[in-house]
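Novice: Sending over a structure as structure tokens; questions will come in a sec.
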């Protein structure tokens with residue numbers, strides 16, 4: 001019987017990504033800030049064991065495609081401005097939308113569940129329903145074949 005190797009924790013990486021993207025967003029979306037923000041996230045004692053490679057991939061992926069992600073999210077929130085969405089919620093949505101689009105090996109249900117867990121940690125209960133509804137719409141667009149299975 002083989003022992004399961006300790007693998008880097010992606011949930012912790014997603015938590016750090018929310019925090020990093022929140023700081024980046026509040027800093028005016030300045031890409032020059034990202035290395036320092038990531039360095040700070042990687043030094044956090046409570047985030048030891050996080051998947052550092054995945055953290056970087058998510059943060060840079062979201063920051064580089066933010067306009068496209070926001071356009072997808074805007075279509076899913078119909079009638080509501082992205083400016084009316086709390087920054088934490090918006091960054092959870094961005095991360096999940098990026099994963100839905102770029103990490104096809106991760107089942108869409110896992111991505112949505114992770115987003116809901118992040119929302120539970122950083123926002124209130126009504127936010128979870130909002131996040132779930134938006135991500136269901138984004139998933140229907142990006143993962144239509146997977147959902148139909």
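The values are calculated or read from the model by the stated rules, or taken from the named source; none is laboratory data. This one's a predicted model, so the numbers in the text were calculated from it and none came from an experiment. Here the Cβ is made from the backbone with ideal geometry for all residues, glycine too, and neighbour counts use every protein chain on show.
Novice: Determine whether residue 139 is within 21 Å of residue 25 (Cα to Cα) and surrounded by 13 or more Cβ atoms within 10 Å (Cβ to Cβ). Talk me through it step by step, then tell me what you get.
Specialist: Working: within 21 Å of residue 25 (Cα to Cα): no; surrounded by 13 or more Cβ atoms within 10 Å (Cβ to Cβ): yes.
In short, no.
Novice: Go through (1) in a helix (DSSP H, G or I); (2) closer than 16 Å to residue 13 by Cβ for residue 136 and report which single condition fails.
Specialist: (2)
Novice: Out of (1) within 23 Å of residue 20 (Cα to Cα); (2) within 14 Å of the chain's Cα centre (by Cα); (3) in a helix (DSSP H, G or I), the odd one out for residue 106 is which?
Specialist: The one condition residue 106 does not meet is (3).
Novice: From the set of residues in the stretch 30-47 that are touching a residue at least 24 places away in the same chain (Cβ under 8 Å) and within 16 Å of the chain's Cα centre (by Cα), which is farthest from residue 57 (Cα to Cα)?
Specialist: Within the stretch 30-47, the match that is farthest from residue 57 (Cα to Cα) is 41.
Novice: If you check residue 14 against the conditions, is it in contact (Cβ under 8 Å) with a residue 60 or more places away in the chain, part of a helix (DSSP H, G or I) and closer than 16 Å to residue 95 by Cα? Steps first, please.
Specialist: On the way: in contact (Cβ under 8 Å) with a residue 60 or more places away in the chain: yes; part of a helix (DSSP H, G or I): yes; closer than 16 Å to residue 95 by Cα: yes.
Yes, satisfied.
Novice: Follow-up. Taking the stated definitions as given, is residue 41 in a helix (DSSP H, G or I), in contact with a helix residue (DSSP H, G or I) (Cβ under 6 Å, 6 or more places away or on another chain), within 19 Å of residue 28 (Cα to Cα) and at pLDDT below 90?
Specialist: Yes.
Novice: Conditions: (1) in a helix (DSSP H, G or I); (2) within 20 Å of residue 142 (Cβ to Cβ). Residue 55 meets all but one. Number of the miss?
Specialist: With (1) in a helix (DSSP H, G or I); (2) within 20 Å of residue 142 (Cβ to Cβ) applied to residue 55, the lone miss is (2).
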